[in-house]
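Just below is one structure, and these are the notes that go with it.
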Amino acid sequence: MTDTLKVKDLDGIMKALEDGIMNFMDSDKYKQYLRAVSKFHNYSSNNILLITMQRPDATLVAGFSTWKNQFKRHVIKGEKGIKIIAPMPVTVEKERDREDRFGNTYREKIKVTIPRFKAVTVFDVSQTYGEPLPEISPEELTDDVENYDMFIKALEKSSSVPVNFIDMDGGAKGYFHAGDNTINIAKGMSQSQTVKTLIHEMAHSLLHNRDNGGMFLDTKTKEVQAESIAFSVCSHFGIDTSEYTFPYVSAWSGEKDLKELKASMETIRDTSSKLIGRIDEAYREIARESESREEAPAEKEKEGEER
């Protein structure tokens, strides 16, 4: 564990997070990535909601032609598209009455733009193949976690929604499904990656559910909040996620002013503190239960010897 992550104070952890992200944003790799993502369209909050409801694990979406012409990628045959609403304004000619300088009335033709919308189909990058996109590529976490089985049980016990461990396609690691109010985590990941991903999704379930309206936040803010909370909570428990978190938050922030991170500092700190408290309590309870089960056979064995 690095010296940075020995800091137990949440303010210190938040400072370490901000400094780490800023240093990463100075890299050439990050600048290449920004040039690529700048070509993607910025979607409205309504369309972000539509995308999230249809494909919760979506990251970069674009239309069929955009993938083909701008990124030299092709949609995989048989993939189901994501429906969003696109503006399709039409321009029509109308006539109106006008007066000349002598007070005479005449008809004038003018062009008027009428706002109209239609459903269009987009696809996530995971539904395409072709030339690779410049990417930041967070490093997969590979470390083991002390008392992993008990810690995972503590996380599940601390979660406000049910947790499922399932097989996932397309490289997805996990997601919180706001409609079903469940967390789904990919099987087969390393211990540290599984822990970090689960805490990330627990943060989503607390902050971005249907009840508190958080699901209507823009995707950037939601991802920055969830990953920053995962970093903070993992740091508290001595798990270093910086190789994954710094590139991840940098990708979602997109700007060196870290607007989404700074605007969410209080939310991140409060939610991290809440989760740490829950996990600590759940872990102690599970540890006590485990000790009681171990002591019970020993007591019975002792009674048998006395008889």
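For the reader, a short list of remarks on this structure follows.
- Scan the range 125-135 for residues that are among the small types (Gly, Ala, Ser) and either part of a helix (DSSP H, G or I) or within 17 Å of ARG278 (Cα to Cα) (or both) and the total you get is 1.
- Screening GLY78 with (1) out of contact with any strand residue (DSSP E or B) (no Cβ under 9 Å at 6 or more places or on another chain); (2) at negative phi gives one miss only, at (2).
- Any chance PRO115 is touching a strand residue (DSSP E or B) at 6+ places or on another chain (Cβ under 8 Å), modelled with pLDDT under 90 and closer than 30 Å to MET53 by Cα: yes
- Across the range 111-128, the qualifying residues are those that are among the polar types (S, T, N, Q) and touching a helix residue (DSSP H, G or I) at 6+ places or on another chain (Cβ under 8 Å), and the one among them that is most open to solvent (accessible area, probe 1.4 Å) is THR121.
- Applying a threshold of 7 Å to beta carbon distances and a minimum spacing of six or more residues, or different chains, the list of pairs starting in the range 100-129 at a residue that is over 15 Å from ILE84 (Cβ atoms) and ending at one that is in a helix (DSSP H, G or I) reads THR128/TRP67.
- Pairs linking a residue in the range 61-80 that is under 15 Å from PRO132 (Cα atoms) to a residue that is hydroxyl-bearing (Ser, Thr, Tyr) and surrounded by fewer than 18 Cβ atoms within 10 Å (Cβ to Cβ), with Cβ atoms under 7 Å and 6 or more positions apart or on different chains, are ARG73/TYR129; HIS74/TYR129; ILE76/TYR129.
- In the range 144-168, the residues that are over 16 Å from ILE276 (Cβ atoms) form Cβ pairs under 6 Å with partners that are open to solvent by 50 Å² or more (accessible area, probe 1.4 Å) and assigned to a loop (DSSP other than H, G, I, E, B), at six or more places apart or across chains, as follows: VAL161/ASN181; PHE165/LYS187; ASP167/LYS187.
- Some residue of the range 130-144 being within 28 Å of GLU243 (Cβ to Cβ) and in contact with a His (Cβ under 9 Å, 6 or more places away or on another chain): yes
- Of all residues in the range 221-247, those that are surrounded by fewer than 24 Cβ atoms within 10 Å (Cβ to Cβ) have Cβ atoms under 6 Å from Cβ atoms of residues that are of a type in the set (Val, Ile, Thr) and part of a helix (DSSP H, G or I), 6 or more apart or on another chain, in HIS236/ILE276.
- Among residues of the range 174-185 being surrounded by fewer than 20 Cβ atoms within 10 Å (Cβ to Cβ) and touching a helix residue (DSSP H, G or I) at 6+ places or on another chain (Cβ under 9 Å), the one that is modelled with the lowest pLDDT is GLY179.
- When the residues of the range 244-273 are filtered to those that are at pLDDT below 90 and among the acidic types (Asp, Glu), the one that is nearest to ASP11 (Cα to Cα) is GLU266.
- Complete set of residues in the range 187-217 that are open to solvent by 10 Å² or more (accessible area, probe 1.4 Å), of a type in the set (A, V, I, L, M, F, W, C), modelled with pLDDT of 90 or more and within 15 Å of the chain's Cα centre (by Cα): LEU206, LEU207
The values are calculated or read from the model by the stated rules, or taken from the named source; none is laboratory data. These numbers come from a predicted model, not from an experiment. Please note: Cβ atoms are built from the backbone with ideal geometry, for glycine as well, and neighbour counts cover all protein chains shown. All accessible areas refer to the heavy atoms of the entire protein, side chains included, with ligands and DNA or RNA removed. Shrake-Rupley method; radii C 1.70, N 1.55, O 1.52, S 1.80 Å.
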